[in-house]
1. Please work out which one of (1) at pLDDT below 75; (2) in contact with an Asp or Glu (Cβ under 6 Å, 6 or more places away or on another chain) is the condition ALA165 fails and give its number.
2. Could you go through the stretch 43-55 and let me know if any residue there is among the hydrophobic types (A, V, I, L, M, F, W, C), over 29 Å from LEU159 (Cβ atoms), assigned to a strand (DSSP E or B) and at pLDDT below 90.
3. Of everything in the stretch 72-84 that's in contact (Cβ under 8 Å) with a residue 40 or more places away in the chain and not aliphatic (A, V, I, L, M), which residue is most open to solvent (accessible area, probe 1.4 Å)?
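The values are calculated or read from the model by the stated rules, or taken from the named source; none is laboratory data. Model, not experiment: these values are computed from the prediction. Glycine gets a Cβ as well: all are built from the backbone with ideal geometry, and neighbour counts include every protein chain shown. Surface accessibility is based on the protein's heavy atoms, side chains included, excluding ligands, DNA and RNA. Shrake-Rupley method; radii C 1.70, N 1.55, O 1.52, S 1.80 Å.
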Amino acid sequence: MDPLSRLLILLNPQTYNCGGMNLGAASAIQFPRHDGLKCYAVISGDAWLSVDEVPDLVHLKTGECFLLPKGRPFCLVGRQDNILAAHPGAEAVQCGTIATYSGGGQCLLVGAHYAFSTMQAVMLLDLLPPIVHLQNASDNISLCWTLQRMTEELHHPQLGGVVVAHSLARMMLVQALRVHINDSDRNNLGGQRLRPAAD
């Protein structure tokens, strides 16, 4: 068994919530501190991300993903200059649905919140920075397919859709971690830290 599979089986991530957000240009949504890890992908449009204690804003574009493994409060805005006008909005996102803010149309994101049932989760989360920004995620065919299927399930709810979305969300996490490890290896940024030695 490969190292990433062994690590994920050990950590046993559970999908706590999955859904989407359709941000309008005037959107400025503040999310509180969270346990576990959040992972989102930009399906269309663009937005800006601010994370507590991280000085720089991150410009999110179509085809990109980001992980938030430290649980810090964060803010998503449709335009960079809206960052000071953020208001709480996390409770509006219902599992298996896409929440629309300020009329939508600026940026569509889908993602999930993962909870970990084992103490060993610290092993994974501590190895990651506050923001893992996957800028070339659109090059990953498997991840693109998963995101497309997840978006379809959320846009067109069907019987059993929440179960399917949760399964796709688990696949999304694995594929996003793969992209991060490959990016880290290419850029010599310490990707080997996520690769436990084989037995």
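1. (1)
2. Here is the first cut: in the stretch 43-55, the ones among the hydrophobic types (A, V, I, L, M, F, W, C) are 43, 47-49, 51, 54.
This time we only want the ones that are over 29 Å from LEU159 (Cβ atoms), so: 47-49, 51, 54.
With the extra rule that they be assigned to a strand (DSSP E or B), the set shrinks to 47-49, 51.
Checking the rest, the ones that are also at pLDDT below 90 come to none.
No: zero hits.
3. ARG79
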